[in-house]
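The values are calculated or read from the model by the stated rules, or taken from the named source; none is laboratory data. As the structure is a prediction and not an experimental result, all values here were calculated from the model. Every residue, glycine among them, receives a Cβ derived from its backbone with ideal geometry; neighbour counts consider all protein chains shown. Heavy atoms of the whole protein, side chains included, go into the accessibility calculation; ligands, DNA and RNA do not. Shrake-Rupley method; radii C 1.70, N 1.55, O 1.52, S 1.80 Å.
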Amino acid sequence: MISVKNGVFHLQTARTSYIFDTTPSGKLRHIYYGKRLDDADISTLAVKNTIALGSQVCTQPMECLDDILLEYSEVGRGDYRHTPLECTMPDGSFVTDFVYEYFTVTEEAFSAAGLPMARGDAETLSVRLKDKLFHVELVLHYTVFDSCDVIARCCELVNSEGKPVTIRKLMSFQLDCPDADFVLGTLDGGWAKETHIHERPVTYGIHVTDSTTGGSSNRHNPGFYLRRPGADELQGEVMGFNLIYSGNHYSAVEKANHDFLRVMQGVNPHCFAWEVASGESFVTPQSVMTFSDGGINGMAANFHDFVDNHIVPQPWQGKERPVVVNNWEATMFDFNKSKILSIARRAKELGVELFVLDDGWFGKRNDDTAGLGDWVVNEKKLPGGITALASQINKMGMQFGLWFEPECVNPDSNLYRAHPDWAIHVPGRTPCLGRNQLVLDLTRPEVRDYIVDAVDKVLCSASIQYVKWDYNRHISDMPAGGEFFHRYMLGLYEVLDRLFRQKHPDVLLEGCSSGGNRFDLGMLCYAPQIWTSDDTDAYERLDIQRGVYCFYPPSTVSNHVSMTPNQQTLRSVALSSRFNVAAFGVLGYELDFNELSADERKQIKNQIAFYKQHRRLFQYGRLRRYFPKQDRESWQITLNGVTAAAIYNIHYHASPARDSLKILAAQPEKRYRMASVPQQLKISRFGGLIKHVAPVSLKADGLVLRTVDKHYSMRDGQEEYVCTGENLKAGVQLAMQYSGTGYDPKLRILGDWGRTLSLITEE
Ligand code: DGJ
């Protein structure tokens, strides 16, 4: 709800309040952001400035902007904190003086042509400020999403002066707070190690989290949070922020004079200069912010509801996603039609619903040095083309999906030979290659048309239900001008809009960029799910998925069970554990089903059947995480009274301490059954010990054991309790872990990186 009374703007969501007013000179003064207040008393809440301080610069007596919490600051009027706005005004000066003019409230979400923005039921407050010297206005837009406690903010610079204004920096929002007693949490990494959470206390100076790669990047995700030092996963005050944008982003957190906190986020000013001609305006991407006093899980819950209801494309909103098999890790470029069909057939037998043909099906694409850009099927590999293959897969009773990387081109391709100038380059310089490829210049309309036509042609030629849209390098060698990076993004959004909103809204689009190199809210406005990482190692995935879940719901997080030893880490993790991690989101498999043993096939069949039975829970349930103790982590997902709770053993230590697990969503007065989901243990896990129990002498790595392993495995850790929610909340003492002195089916034999899963249902 938005209310404006006596010059006080009060934005209320179900559980939060956001309040500001105006100063005597017409600046917007920030007053409060936090837990919902029903009766906000400004004289109590506002920061007091009673007498003047030394070295101050003031706009008028007792109005020194450096000492005031502001809604949006600027340059040259006495606020010396980090500025959200820097532009060259018509007189060539950087000084602006925007003051309050008027506001409007509309009963809808704010939208701007060409930019992805949050949609659905919402109210928008737009506050218009006008520069005192020039006919240039700054409009701050606040869209309030009530039930998920999210406020989306962006701003607009409108030039009516008759001369151009050049924007060098225009953040989507600024938030000032009266103290900086927070811990900053960011998601950082690189290829195959995306979105690892890092925390540090906010200290004096400015901490910048950004991307300069042209995409939102695997270096720093645009999502970040500020938690009170005492807050953790389960409780305490946390503010979260994210940006609906897939390009270069910038977030700054400053602890300034008086220990004031300033936070801002927007398009990265790096290499940015945007000319706003007279009569034109510039709208920033939208930032979103939320507050929760329910810890990091509370903040994440708000963002999950927000993304599921206001970001993912409408046709996919709340829709269950299929279990896929992808051939990439199984075959890479080395496949032919019969290999593909045999993987698909085996996968179908085990319950897989959609087959995805990854890289290598087109042009002269036998490795990553050639063919990218030539979106014509390689009939030598796939006689009959995509049309015949898709129809054969459909006839097996499976949907068909196809990989594309339309934004890039190999120099060794027909496309590049025909249009070398379409690749991003600086005339006179040799552009850098990344994975032997260049990026196409999506700022050019003819390039966008080519991509739309080429992809559309393939999609119209066959029965294709899913597209994986990959993008495997960063941008380099940008042409002249400060508008390139942002124009590239606008070009990409136009292409995605034409292809997947206008022409093929029924195709399920999965975003991908060398794994999770572009996992952001901008892409999610077109692609309802994103490939999280090229790292499919279940242990590494804990770090990656834990970070992603802070800002993105499980329905958007695409996870695959792959072969072991893992291709990225050479680590071996039990099949059950790989599933117990991948199941928390959109499940897929990425392995050669022909190479599975009979026992593995049986296990996978059971996994898929279990996942399908509880698919809604794993994709749309309320996800909560906590750390029961050091080296243990629990993920729990709850929907309609059913919870799937996993506990992860990170490292095994001899004679381990006992484990207890609290079921966070249990309701004290209800009765529940908690039963572990059956999982199997390979006999070879016991190594040389086997000779002590077998009646005949057996070698640990001998033929007999290897053969037995293929057909038989043992039950691992079966336990079941029927009790009240009160007991589940207090903590269930779990069965002992293996301790070196014998086997019992009730023991949990987890070892390093082992995970068990339990299902908790109401009685
Ligand atoms: C990078 C992706 O992340 C992989 O899953 C795979 O699609 C390869 N590209 C194919 O080139």
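Could you check how many residues of region 578-600 are closer than 16 Å to Thr532 by Cα, assigned to a loop (DSSP other than H, G, I, E, B) and small (Gly, Ala, Ser)?
Total meeting the criteria: 2.
Just for region 428-458: of the residues that are surrounded by fewer than 19 Cβ atoms within 10 Å (Cβ to Cβ) and hydrophobic (A, V, I, L, M, F, W, C), which one is nearest to Glu379 (Cα to Cα)?
Only one residue tops the list, namely Ala454.
Can we say Gly185 is touching a residue at least 12 places away in the same chain (Cβ under 8 Å) and either buried (at least 22 other Cβ atoms within 10 Å of the Cβ) or among the hydroxyl-bearing types (Ser, Thr, Tyr) (or both)?
no
For region 499-511, does any single residue satisfy the condition of being under 30 Å from Phe627 (Cα atoms) and aromatic (Phe, Trp, Tyr)?
Of the residues in region 499-511, the ones under 30 Å from Phe627 (Cα atoms) are none.
No.
Where in region 318-414 are the strands (runs of 3 or more DSSP E), entirely inside, with at least 3 residues that are closer than 21 Å to Asn436 by Cα, within 15 Å of the ligand (Cβ to nearest atom) and more than 32 Å from the chain's Cα centre (by Cα)?
Numbers: elements: 324-326, 354-357, 399-404.
Ranges flagged: none.
Take region 225-240 and flag every residue that is open to solvent by less than 10 Å² (accessible area, probe 1.4 Å) and either in contact with a Cys (Cβ under 9 Å, 6 or more places away or on another chain) or in a loop (DSSP other than H, G, I, E, B) (or both).
Just the residues of region 225-240 that are open to solvent by less than 10 Å² (accessible area, probe 1.4 Å), to begin with: 225-226, 231, 238-240.
Across region 225-240, the qualifying residues are Tyr225, Leu226, Ala231, Met239, Gly240.
Do you know which residues across region 465-486 are away from the ligand (no atom under 16 Å from the Cβ) and either closer than 14 Å to Leu499 by Cβ or within 27 Å of the chain's Cα centre (by Cα) (or both)?
The initial filter retains those residues of region 465-486 that are away from the ligand (no atom under 16 Å from the Cβ), namely 465, 475-486.
Once the filter is applied, which keeps residues that are away from the ligand (no atom under 16 Å from the Cβ) and either closer than 14 Å to Leu499 by Cβ or within 27 Å of the chain's Cα centre (by Cα) (or both), region 465-486 yields Gln465, Ile475, Ser476, Met478, Glu483, Phe484, Phe485, His486.
Could you list, in sequence order, all residues of region 231-255 that are more than 28 Å from Ile475 (Cβ to Cβ) and among the aliphatic types (A, V, I, L, M)?
Scanning region 231-255 gives Ala231, Leu234, Val238, Met239.
Condition (residue is charged (D, E, K, R) and open to solvent by less than 20 Å² (accessible area, probe 1.4 Å)) applied to region 46-54: is it met by at least one residue? Reasoning before the result, please.
Our first condition is that a residue be charged (D, E, K, R); within region 46-54, this holds for 48.
Remaining after also requiring open to solvent by less than 20 Å² (accessible area, probe 1.4 Å): none.
No - not one qualifying residue is present in region 46-54.
Identify, from the list Tyr250, Tyr245, the residue that is within 19 Å of Phe173 (Cα to Cα), part of a loop (DSSP other than H, G, I, E, B) and of a type in the set (Phe, Trp, Tyr). Spell out the reasoning first.
Values: Tyr250 fails: part of a loop (DSSP other than H, G, I, E, B).
Just one listed residue meets the conditions, Tyr245.
Residues that are over 24 Å from Glu595 (Cβ atoms), of a type in the set (S, T, N, Q) and open to solvent by less than 10 Å² (accessible area, probe 1.4 Å): find the strands (runs of 3 or more DSSP E) completely inside region 485-577 holding 1 or more of those.
Once the strands (runs of 3 or more DSSP E) in region 485-577 are filtered for at least 1 residues that are over 24 Å from Glu595 (Cβ atoms), of a type in the set (S, T, N, Q) and open to solvent by less than 10 Å² (accessible area, probe 1.4 Å), what remains is 529-531.
Check Glu590 against each of (1) open to solvent by 10 Å² or more (accessible area, probe 1.4 Å); (2) closer than 27 Å to Leu759 by Cα; (3) within 16 Å of the ligand (Cβ to nearest atom) and name the one condition it does not meet.
For Glu590, the failing item is (1).
Limited to region 600-616, what total is found for residues that are open to solvent by less than 10 Å² (accessible area, probe 1.4 Å) and of a type outside the set (Phe, Trp, Tyr)? Spell out the reasoning first.
Restricting attention to region 600-616, the residues satisfying the condition of being open to solvent by less than 10 Å² (accessible area, probe 1.4 Å) are 604, 608, 611.
Now restrict to residues that are of a type outside the set (Phe, Trp, Tyr): 604, 608.
Of the residues in that region, 2 qualify.
When residues of region 503-536 are filtered for being more than 16 Å from the ligand (Cβ to nearest atom) and under 21 Å from Gly214 (Cα atoms), how many remain?
Qualifying residue count, region 503-536: 5.
Among the candidates Gly215, Gly185, Gly190, single out the residue that is out of contact with any Leu (no Cβ under 6 Å at 6 or more places or on another chain) and in a strand (DSSP E or B). Don't jump to the end; show me each part of the working.
On the way: Gly215 fails: in a strand (DSSP E or B); Gly190 fails: in a strand (DSSP E or B).
Result: Gly185 is the single residue among Gly215, Gly185, Gly190 that is out of contact with any Leu (no Cβ under 6 Å at 6 or more places or on another chain) and in a strand (DSSP E or B).
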